[in-house]
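Data block below; observations after.
Nothing in this text is a laboratory measurement; each read-out follows from the coordinates by a stated rule. The shown structure was predicted, so the numbers you read here are calculated from the model rather than taken from an experiment. FYI the Cβ positions are ideal-geometry reconstructions off the backbone, even for glycines, and counts take in every protein chain you see.
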Amino acid sequence: MKILYVKNGSERNKKFQLQTTVFEEDGQKYVKKQALCKEAIPHLKKMKKSYEKLTVSIKNPKIKLAKIVNESEDSLTFEFIEGESLEKKFVDAKRLGEKAASNVIDEYIELIKTGFKTTSFDSTTMVTEEFIKLFGDHDYSYFNGELCFADVSNIDLIFSNIIYKDDEIYIIDYEWVFDICVPVEYTLYRNPYMYIKKDSSISHAMEENFIKNYVISGGFYFYQHNYL
């Protein structure tokens with residue numbers, strides 16, 4: 001086995017501490033996510049269920065999910081998708097000028113809005129205890145009538161997690177998937193490249209709660225290194 005890349009998630013709450021490793025074996029590349037402690041195993045295993053739920057939620061036949069090819073008690077191994085990330089596509093476009101970069105962003109927004117099952121947000125029924133635990137207790141009527149994911153939401157649809165390969169579009173990471181209806185605007189906001197397109201104080205408050213009180217809760221990285 002040849003190790004090509006390692007990312008350690010030890011700054012998180014123990015429940016979410018995973019290590020991501022890209023490795024090569026017999027000429028084939030793979031991505032392995034491994035729990036760093038026993039507390040993180042349920043979070044790891046949840047990705048297998050998320051794969052099944054997200055598969056059903058896809059509307060665009062070009063969108064695929066990186067498949068799980070192997071699993072152990074404390075790890076999942078995924079196929080490695082060789083292609084061009086949307087992040088690289090955006091960076092290359094930006095070198096050509098703002099219009100080219102803006103076209104990539106518009107393509108991304110269209111992909112997220114039309115690629116998955118969606119519905120209209122209703123704060124009176126969709127702001128559940130789980131929703132508040134994840135994103136905080138705010139006035140979510142701001143999103144009423146706006147587009148949101150229906151039933152299952154992948155909030156980590158950032159540029160680096162979207163890979164173009166031939167005529168297909170792969171989602172390579174579905175760690176942060178929840179059985180709630182999350183506004184599409186918030187998911188778009190989470191992409192660091194999207195700040196040039198919008199400014200949403202409610203989305204910022206949601207993200208701060210998600211990182212500080214959910215992902216990093218009990219850890220130290222948030223305050224010491226300006227994680228958010």
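For trypsin sites (Lys or Arg not before Pro), the sites in region 1-103 that DSSP calls loop and that have at most 13 other Cβ atoms within 10 Å are K59, K62, K67.
Which trypsin sites (Lys or Arg not before Pro) from region 119-213 combine a DSSP loop assignment with at most 15 other Cβ atoms within 10 Å?
Numbers: sites: K133, K165, R190, K197, K198, K212; in loops: R190, K197, K198.
When the trypsin sites (Lys or Arg not before Pro) of region 119-213 are filtered for loop state and at most 15 Cβ neighbours within 10 Å, K197, K198 remain.
Kirkwood Rh over Cα pairs of the chain into Stokes-Einstein at 4 °C, 1.567 mPa s: D in µm²/s? Kindly include the intermediate steps, with their values, before the conclusion.
Working: Rh = 18.6 Å.
Answer, rounded: 70 µm²/s.
For a quick check of your reading of the filter: which GluC sites (Glu not before Pro) in region 1-69 sit in a DSSP loop and have no more than 16 other Cβ atoms within 10 Å? Intermediate results must be reported in sequence, preceding the final value.
Values: sites: E11, E24, E25, E39, E52; in loops: E11.
Counting only loop positions with at most 16 other Cβ atoms within 10 Å, the GluC sites (Glu not before Pro) in region 1-69 are E11.
Using a cut-off of 20 Å between Cα atoms, the listed pairs K15/K45; K29/K94; K46/K67; K29/K165; K67/K212 include K29/K94; K67/K212 as exceeding that distance. The convex hull defined by the C-alpha atoms of region 24-79 has an orientation-averaged projected area of 4.7 nm².
In region 30-143, Rg over Rh equals 1.04, where Rg is the alpha-carbon radius of gyration and Rh the Kirkwood radius from pairwise Cα distances.
Once the cut-off is 17 Å, how many percent of the Cα-Cα pairs in region 117-204 end up in the long-distance tail? Value for region 117-204 (Cα pairs over 17 Å): 51 percent.
Site pair E39 and E11 shows an inter-label distance of 1.8 nm when each label is modelled 7 Å from Cα along Cα→Cβ.
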